[in-house]
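Visitor: After the structure tokens below, expect a handful of questions from me.
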Amino acid sequence: MPDIKGEMVMGWPDRKRLSNQLTTDRQGRVIDGRSPFTDLEGLITPTDLRYVKIQLEMPEPIHPDDSRLSIEGQVNQPFELTLSELQKLPAKTVRMVTECSGSDAHFFEWQRSGGQENSCDVHPSEEGKPSRHDLTQPHMGQVSSGEFTGVSLSLILEKAGLNASAVGVRAEGFDRGRPSEQAIQGASDVPEEMNYDKCLPLEKALDPDTIVAWALNGEYLRHVHGAPMRLLVPGWSGNWSVKWLHRLEVLDHIAPCFYQTEYFFYADSLEAKDRTMVTAMGVKSIITDPRDDDQPLPRGEQVVHGLAWSGYGAISRVEVSVDGGVSWEDAHLEEPRERWLWTRWSYRWNAREPGDYKVMSRATDEAARQQPQIEWNVLRKNFDGIIPVDVTVT
């Protein structure tokens with residue numbers, strides 16, 4: 001078999017294994033990773049191939065037996081949970097896409113410049129069209145899927161007893177540091193040192209699928225993914241899913257957390273006072289095959305493959321255009337189609353005539369939102385635009 005590369009897995013030869021683009025510290029420990037998600041089969045990203053993103057400094061690990069999660073603030077009964085105590089509560093498993101808010105950011109400028117070299121002075125990018133398949137390019141490979149097991153945050157809050165004044169739930173990790181230069185570019189008040197935190201509106205905190213997790217893909221969480229306990233907020237961009245969780249504080253307001261008011265916001269300029277915090281992802285579909293850099297395809301039947309996902313629930317429709325958006329036809333949606341997980345789709349294309357084609361896809365979710373939903377914003381967050389693949393048929 002020519003596709004067998006000779007690598008040994010459990011003593012037997014197998015295909016060459018995929019790898020991600022990793023950044024390590026001086027001790028060789030991973031502190032950043034990009035996922036080759038466009039090359040994967042199935043629905044779940046293997047744990048070894050997940051993307052890794054931190055906002056402050058990667059903390060030193062603590063032993064799971066020493067972990068504590070405190071619940072305090074506007075509650076009737078503040079308390080602490082150890083990991084073993086958390087695991088005694090009724091558990092829940094959620095399969096979901098986690099996507100960095102900056103994923104695909106360079107496509108904003110590529111589109112804005114009419115598909116030419118970027119001419120924006122605020123965010124200069126690499127020359128030419130960005131590629132989701134090149135993990136060395138900025139902002140690529142920052143999305144993964146996974147099966148998380150934990151306890152609904154609503155159950156923990158119910159145990160504490162919410163006061164009538166409760167409005168938001170501030171989640172804090174034990175990672176600590178100073179925000180990066182990128183994060184402070186539009187900030188008016190920059191702390192010298194802080195713990196990473198986010199303040200969830202109560203409605204999202206009480207969604208039964210918002211969980212405090214201790215496991216990923218059937219195993220205990222690894223440190224790089226937020227062990228021993230982390231928050232998971234399905235549908236919302238990855239910065240909401242606070243890693244290394246150690247404190248939940250119920251508040252009578254939405255706390256002005258740095259990563260909500262000074263970074264991760266929508267606005268037309270860095271100086272804008274009218275800012276909207278980044279929450280749910282848009283509705284998004286991408287083509288994984290064919291690719292821009294593929295060899296010319298022969299005339300005849302071809303199959304276009306891709307993925308689609310949304311921050312507002314399951315995908316209900318994917319359409320494909322092979323004429324640059326002039327006409328659209330429905331693609332086949334593969335099962336299962338879950339609320340927070342991406343959907344695989346395929347489209348049979350009879351490429352009868354030789355020539356150059358722009359193949360495009362667009363998705364619609366169960367909330368009737370059609371791609372794209374997110375407009376250009378100065379921080380280039382939550383890109384969900386339609387990107388054509390240039391295909392030549394001979």
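The values are calculated or read from the model by the stated rules, or taken from the named source; none is laboratory data. A quick note: this is a predicted structure, and the numbers were derived from the prediction, not measured. Every residue, glycine as well, gets a Cβ built from its backbone with ideal geometry; the counts of neighbours run over all protein chains shown.
Visitor: With respect to E366, is the statement that it is in contact (Cβ under 8 Å) with a residue 60 or more places away in the chain, surrounded by 13 or more Cβ atoms within 10 Å (Cβ to Cβ), assigned by TED's automatic domain parsing to the domain that holds R299 and more than 27 Å from W110 (Cα to Cα) true?
Guide: Spelling it out, it is not the case that E366 is in contact (Cβ under 8 Å) with a residue 60 or more places away in the chain, surrounded by 13 or more Cβ atoms within 10 Å (Cβ to Cβ), assigned by TED's automatic domain parsing to the domain that holds R299 and more than 27 Å from W110 (Cα to Cα).
Visitor: I'd like the full set of residues that are closer than 12 Å to T261 by Cβ, in contact with a strand residue (DSSP E or B) (Cβ under 9 Å, 6 or more places away or on another chain) and not acidic (D, E), limited to segment 180-202.
Guide: Listed by number, the residues that qualify are G186, K198, C199.
Visitor: Please enumerate the residues belonging to segment 271-295 that are of a type in the set (V, I, T), part of a strand (DSSP E or B) and closer than 28 Å to A205 by Cα. Break it down into steps so the answer makes sense when it comes.
Guide: Taking segment 271-295 and keeping what is of a type in the set (V, I, T), we get 276, 278-279, 283, 286-288.
With the extra rule that they be part of a strand (DSSP E or B), the set shrinks to 276, 283, 286-288.
Passing the criteria: T276, V283.
Visitor: I need a count of the residues in segment 323-344 that are buried (at least 21 other Cβ atoms within 10 Å of the Cβ), without any contact (Cβ under 8 Å) to a residue 40 or more places away in the chain and assigned to a loop (DSSP other than H, G, I, E, B).
Guide: The total comes to 1.
Visitor: How about segment 122-239: which strands (runs of 3 or more DSSP E) wholly inside it have at least 3 residues that are within 19 Å of the chain's Cα centre (by Cα) and closer than 30 Å to P46 by Cα?
Guide: Numbers: elements: 143-152, 168-177, 194-201, 211-216, 230-232.
Where strands (runs of 3 or more DSSP E) fall fully within segment 122-239 and carry at least 3 residues being within 19 Å of the chain's Cα centre (by Cα) and closer than 30 Å to P46 by Cα, they are 143-152, 194-201, 211-216, 230-232.
Visitor: For segment 329-363, give me each residue that is within 10 Å of V318 (Cα to Cα) and either of a type in the set (S, T, Y) or assigned by TED's automatic domain parsing to the domain that holds G235 (or both).
Guide: T343, S346, Y347, S361
Visitor: When you scan segment 190-236, how many residues do you find that are of a type in the set (F, W, Y) and under 14 Å from G146 (Cα atoms)?
Guide: Number of matching residues: 2.
Visitor: Still on this structure, please answer the following. Considering segment 246-266 alone, what residues qualify as being in a strand (DSSP E or B) and buried (at least 22 other Cβ atoms within 10 Å of the Cβ)? I'd like the intermediate steps shown before the answer.
Guide: Within segment 246-266, the subset in a strand (DSSP E or B) is 246-251, 265-266.
Those that are in a strand (DSSP E or B) and buried (at least 22 other Cβ atoms within 10 Å of the Cβ): L248, V250.
Visitor: Further question: Can you tell me which of (1) within 26 Å of A166 (Cα to Cα); (2) among the charged types (D, E, K, R); (3) touching a residue at least 40 places away in the same chain (Cβ under 8 Å) is the one E203 doesn't meet?
Guide: Failing condition for E203: (3).
Visitor: Next question. Within segment 4-19, does at least one residue satisfy the condition of being touching a residue at least 40 places away in the same chain (Cβ under 8 Å) and either surrounded by fewer than 20 Cβ atoms within 10 Å (Cβ to Cβ) or out of contact with any Asp or Glu (no Cβ under 8 Å at 6 or more places or on another chain) (or both)? Working first, answer last.
Guide: Step one: list which residues in segment 4-19 are touching a residue at least 40 places away in the same chain (Cβ under 8 Å), which gives none.
Taking every residue of segment 4-19 in turn, none turns out to be touching a residue at least 40 places away in the same chain (Cβ under 8 Å) and either surrounded by fewer than 20 Cβ atoms within 10 Å (Cβ to Cβ) or out of contact with any Asp or Glu (no Cβ under 8 Å at 6 or more places or on another chain) (or both).
Visitor: Answer with yes or no whether K243 is in contact with a Cys (Cβ under 6 Å, 6 or more places away or on another chain), crowded, with 22+ Cβ neighbours inside 10 Å and of a type outside the set (G, A, S).
Guide: On the way: in contact with a Cys (Cβ under 6 Å, 6 or more places away or on another chain): no; crowded, with 22+ Cβ neighbours inside 10 Å: yes; of a type outside the set (G, A, S): yes.
Taking the combined requirement at face value, the residue does not satisfy it.
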